[in-house]
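Encoded as structure tokens, the structure appears first; notes follow it.
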Amino acid sequence: MHWETLMQCAQFAVRRTDRMLVAELRGAHRVLSTSACNGGQTDAVRFLLNHQSCEGGGDHERLRQITEIGHERYHERTCGHAGIPADATASMGTAANMHYACISRHEDAGVAVTAVVTAGVEANATCAGDPATWRETAAGIERVPECGGTINTMLLVGAPLTAAALARAVVTMTEGKTAALQRLAVRSRQSPDLATGTGTDQYCVAAPLEGPLVLTSTSAHVKLGELIGYATREATLESLRWQNGLEPSYTRGVLHALGRYGLAERTFIEDMRPLLGPQDLELLAGNSKAVLYEPLVGAAAHALATVLDRIRHGAVPASVERDACAQCAATLAANVSGRSDRWPQYRAMLLERSGGPKDLILAALALGWSEKWRSA
């Protein structure tokens with residue numbers, strides 16, 4: 001088996017082959033992890049393993065095989081394939097490609113923090129508190145979810161930590177991951193909210209047992225916490241760029257901004273059909289990306305999404321909901337048409353619309369598109 005060395009230093013080495021990525025810890029470390037075997041807090045783990053365990057969608061046969069042999073046997077078999085001892089390994093599984101693993105390393109006052117992240121969010125992103133898709137009972141897990149997205153994080157801290165600081169590092173690391181999702185406006189697949197993670201996220205955090213100074217805080221108020229948050233955020237952003245093609249320029253689009261409210265690329269033209277004449281619809285079908293990714297249109301779409309969010313969360317009074325949404329939708333229409341002078345008329349027309357957010361959005365886009373070339 002050929003291994004590619006991705007990073008090495010005095011405290012660890014990270015290597016990758018095919019569907020496996022291993023961090024080998026040099027010297028005794030304290031590890032906190034979500035691993036089904038050797039998980040929790042332990043001083044006995046010397047290897048951190050991340051691996052692609054299945055395909056991203058509909059790989060029911062692979063999931064059945066893993067379930068049938070059980071966590072322990074699967075852990076042993078996977079570690080055997082990697083050539084590392086199962087009893088000294090904390091492992092994570094994902095549908096993400098190991099070749100899209102991204103590493104971010106930052107240092108302050110001689111203490112380095114390294115985050116190694118694989119990330120995917122296309123089918124499994126969720127917001128904390130969203131409706132769950134399975135339940136654990138005495139009989140076991142009642143429903144197995146689709147494994148279309150997982151964010152797995154290895155966090156390697158270059159100095160000893162107290163047990164409390166090790167636990168707090170998980171909070172800071174998780175906030176860094178969520179900050180990455182917020183920057184990309186990743187939507188939950190379970191609700192209209194922005195995602196905070198996926199339902200299958202896993203992590204391994206490791207810090208050496210010995211060193212000249214035992215650090216007591218990984219809070220975001222101290223430099224070590226800053227490094228943990230920044231490295232995790234940076235590596236998560238880069239991994240999502242490769243795994244899902246997500247990057248800031250891509251997220252400017254109308255569908256990305258308002259997909260949480262029912263817009264979808266696969267149905268967009270059909271959704272617009274009742275609102276446009278045949279000629280306008282045909283022109284839109286041939287030029288939809290020019291509309292949906294136009295910068296000012298995207299900006300208006302994100303503004304409307306924010307207002308809709310604030311209304312759902314009770315931050316904008318219900319008494320102004322209709323007018324607030326119509327104003328934002330009028331801006332959306334004006335930016336599509338390029339006729340800012342028509343904003344008052346667009347607002348008046350959109351105030352008369354009935355239906356939910358999706359109906360209002362489609363009406364605004366159709367109104368702007370139907371007028372874009374009328375005055376040219």
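The values are calculated or read from the model by the stated rules, or taken from the named source; none is laboratory data. All values reported here derive from a predicted model rather than from experimental measurement. Every residue, glycine as well, gets a Cβ built from its backbone with ideal geometry; the counts of neighbours run over all protein chains shown.
A single entry from Ala88, Ala13 fulfils the requirement of being over 18 Å from Ala119 (Cα atoms), small (Gly, Ala, Ser), in contact with a Phe, Trp or Tyr (Cβ under 7 Å, 6 or more places away or on another chain) and surrounded by fewer than 19 Cβ atoms within 10 Å (Cβ to Cβ): Ala88. Restricting attention to the stretch 327-353, the residues that are assigned to a helix (DSSP H, G or I) and either touching an Asp or Glu at 6+ places or on another chain (Cβ under 8 Å) or buried (at least 21 other Cβ atoms within 10 Å of the Cβ) (or both) total 14.
Just checking: which of the strands (runs of 3 or more DSSP E) contained wholly in the stretch 20-92 hold 1 or more residues that are farther than 28 Å from Leu240 by Cβ? Those strands (runs of 3 or more DSSP E) span 29-33, 40-42. Take Leu237 and tell me if it is over 21 Å from Gly355 (Cβ atoms), outside any helix (DSSP H, G or I) and within 19 Å of the chain's Cα centre (by Cα). Considered against the rule, which asks whether it is over 21 Å from Gly355 (Cβ atoms), outside any helix (DSSP H, G or I) and within 19 Å of the chain's Cα centre (by Cα), Leu237 comes out as no. Yes or no: the stretch 147-162 includes at least one residue that is among the hydroxyl-bearing types (Ser, Thr, Tyr) and modelled with pLDDT under 95. Yes: one or more hits.
Report every pair of residues separated by at least 6 positions or lying on different chains whose Cβ atoms are under 8 Å apart, first residue within the stretch 80-99 and free of Cβ contacts under 8 Å to residues at least 24 places away in the same chain, second crowded, with 19+ Cβ neighbours inside 10 Å. Between residues of the stretch 80-99 that are free of Cβ contacts under 8 Å to residues at least 24 places away in the same chain and residues that are crowded, with 19+ Cβ neighbours inside 10 Å, the close pairs are Gly80/Ala86. Checking Gly259, Gly314, Gly298, Gly245 one by one, the residue that is more than 22 Å from the chain's Cα centre (by Cα) and among the small types (Gly, Ala, Ser) is Gly314 and no other. Scanning the stretch 290-298 turns up at least one residue that is small (Gly, Ala, Ser), closer than 29 Å to Ala119 by Cβ and not assigned by TED's automatic domain parsing to the domain that holds Ala125. Filtering the stretch 203-239 to residues that are farther than 19 Å from Val117 by Cβ and surrounded by 18 or more Cβ atoms within 10 Å (Cβ to Cβ) leaves Pro208, Leu215.
Of note, His75 satisfies the criterion of being farther than 22 Å from Met173 by Cβ and surrounded by 19 or more Cβ atoms within 10 Å (Cβ to Cβ). Here the stretch 240-263 is the region considered, the condition is being not in a helix (DSSP H, G or I) and not hydrophobic (A, V, I, L, M, F, W, C), and the residue that is surrounded by the fewest Cβ atoms within 10 Å (Cβ to Cβ) is Ser249. Might you let me know whether the stretch 300-310 holds any residue that is touching a residue at least 12 places away in the same chain (Cβ under 8 Å), in a helix (DSSP H, G or I), of a type in the set (Lys, Arg) and under 21 Å from Arg187 (Cα atoms)? The answer is no, given that none of the residues of the stretch 300-310 is touching a residue at least 12 places away in the same chain (Cβ under 8 Å), in a helix (DSSP H, G or I), of a type in the set (Lys, Arg) and under 21 Å from Arg187 (Cα atoms).
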